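The values are calculated or read from the model by the stated rules, or taken from the named source; none is laboratory data. Just so it is clear, the structure is predicted and the values come from calculations on it, not from any experiment. Note that we place each Cβ from the backbone using ideal geometry, even for glycine, and neighbour counts take in every protein chain shown. In case anyone asks, the SASA skips ligands and DNA or RNA and just uses the protein heavy atoms, side chains included. Shrake-Rupley method; radii C 1.70, N 1.55, O 1.52, S 1.80 Å.
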Amino acid sequence: MKQLFISVLFLLGGLLNGNTQQPSLKFNKDGKFKIVQFTDVHYIHNNPKSAISIKRINEVLDAEKPDLVLFTGDVIYGQPAEEGMRTILNLAAQRKIPFGMTFGNHDNEQGLTRTQLFDIIRTIPYNLTDSVKGVSGASNYIPPVKSSDGNKDAVVLYCMDSHSYSQIEGVGGYDYIKFDQIQWYRDNSAKFTKQNGGTPVPSLAFFHIALPEYNQAASDETAILVGTRKEKACAPQLNSGLFASMKEMGDI
């Protein structure tokens with residue numbers, strides 16, 4: 001996807017507990033937990049043009065001091081893949097900030113597969129990135145954020161692999177989140193809702209490729225758009241129904 005560098009702050013506030021390899025997430029005593037999101041960093045290792053990416057990430061992390069950092073795809077945009085991936089993710093790890101990532105369409109185009117990159121990412125301290133056997137993709141995982149007293153899951157974070165490009169003959173463009181991933185989300189959403197006495201747990205979803213509904217919403221004559229929009233969202237041509245499931249489950 002075209003280069004875009006975003007830091008998104010979800011001011012929910014937080015506290016880290018646990019060791020460096022398996023950090024746990026928890027709201028702080030003031031009921032806050034802060035997430036910083038970076039997407040489309042497009043980092044090329046040892047390329048002078050990529051120095052600005054390092055500088056901006058460092059500035060955001062130093063200023064915001066988040067409790068969690070999520071990198072949502074296209075972290076790297078050139079070889080060597082391992083060195084590039086480690087350079088970016090270590091910006092969070094060296095600060096002892098828990099982090100996770102979801103793959104974009106360019107990450108596995110730099111000489112290493114998603115599986116190989118996943119194995120590398122798993123060796124970095126403070127990493128939360130995981131995946132589920134039998135479910136499409138290489139970065140599907142659910143890190144819940146505990147309440148301040150640690151007694152319940154206060155917020156659930158669904159991280160999903162949105163894949164790369166369409167694999168269907170005659171359908172071009174980007175790929176979509178698969179039906180088994182949607183079922184995985186629905187099953188876990190229902191589980192968290194049941195544990196919460198029948199009330200959906202407030203949730204957020206993180207993935208790389210935008211849903212078709214983004215373009216549908218922006219095309220509405222009553223839509224309020226702030227900023228400069230120079231192109232449509234790079235969404236799949238086919239709609240696999242994730243947004244409909246989110247609305248049905250009532251949590252995201």
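Evaluated with a Cβ-only charge set (Lys, Arg +1; Asp, Glu -1), segment 46-141 carries a dipole of roughly 120 debye about its Cα centre, given to the nearest 20.
Reported value for the chain: 145 Å³ per residue, from the convex hull of its C-alpha atoms. Specify the inter-centroid distance of segment 179-218 and segment 69-94, based on alpha-carbon positions, in whole Å. Cα centroid to Cα centroid, the span is 26 Å. Of the DSSP H helices in the chain, those that are both long (alpha-carbon extent of 15 Å or more along the helix axis) and hydrophobic (Kyte-Doolittle mean at least -1.0) are 51-64, 81-93.
The alpha carbon radius of gyration of segment 175-227, expressed as a multiple of 2.2 N^0.38 Å, is 1.52. Between GLY150, GLY227, GLY172, the GNM of the chain built on Cα springs shorter than 10 angstrom shows GLY227 fluctuating the most.
At a Förster distance of 45 Å, what's the computed FRET efficiency of GLN94 paired with GLU221, Cβ-Cβ distance as r, to 0.05? All intermediate terms of the calculation are to be shown ahead of the outcome.
Numbers: r = 48 Å, r/R0 = 1.06.
Using R0 = 45 Å, I get an efficiency of 0.40.
Carbon and sulfur: what percent of segment 162-242's accessible surface (1.4 Å probe)? Summing carbon and sulfur atoms, their accessible area is 52 percent of the total for segment 162-242.
Could you rank CYS234, CYS159 by how accessible they are, 1.4 Å probe, largest area first?
On the way: CYS234 30, CYS159 0 Å².
Putting CYS234, CYS159 in descending order of accessible area: CYS234, CYS159.
What whole-number value in Å² describes the accessible area per residue of the chain for a 1.4 Å probe?
Averaged over the residues of the chain, the accessible area is 50 Å².
222 nm [θ] for the chain, helices only, -39500 (n - 2.57) per DSSP H run of 4+, per residue, to 500?
Working: 6 runs with 67 residues, N = 252.
Taking each H run of at least 4 residues, the total per residue is -8000 deg cm²/dmol.
Take the convex hull of the alpha carbons in segment 32-92; its mean projected area over all directions comes to 3.8 nm². For segment 114-252, the normalised intensity computed at q = 0.20 Å⁻¹ comes to -1.27 (log10 of I(q)/I(0), Debye sum over alpha carbons, equal scatterers, no solvent).
Mean separation of Cα pairs under 8 Å and 6+ residues apart, divided by the residue count of the chain: what relative contact order is that in percent? Please list the in-between numbers first.
On the way: 515 pairs, mean separation 38.6, N = 252.
Relative contact order for the chain comes out at 15 percent.
What the Cα convex hull of segment 81-195 gives, in volume per residue, is 121 Å³.
Between LYS65 and ASN28, the modelled label-to-label distance comes to 0.6 nm, taking each label 7 Å out from Cα in the direction of the beta carbon. Can you give me the Kirkwood hydrodynamic radius for segment 15-150, using every pair of distinct Cα atoms, in Å to one decimal? For segment 15-150, the Kirkwood estimate is 15.3 Å. Between GLU83 and ALA51, the simple spin-label model (points 7 angstrom out along Cα→Cβ) gives 1.6 nm.
Most fluctuating residue of GLY198, GLY73, GLY31 in a GNM of the chain with Cα springs under 10 Å: which is it? In the Gaussian network model the winner is GLY198.
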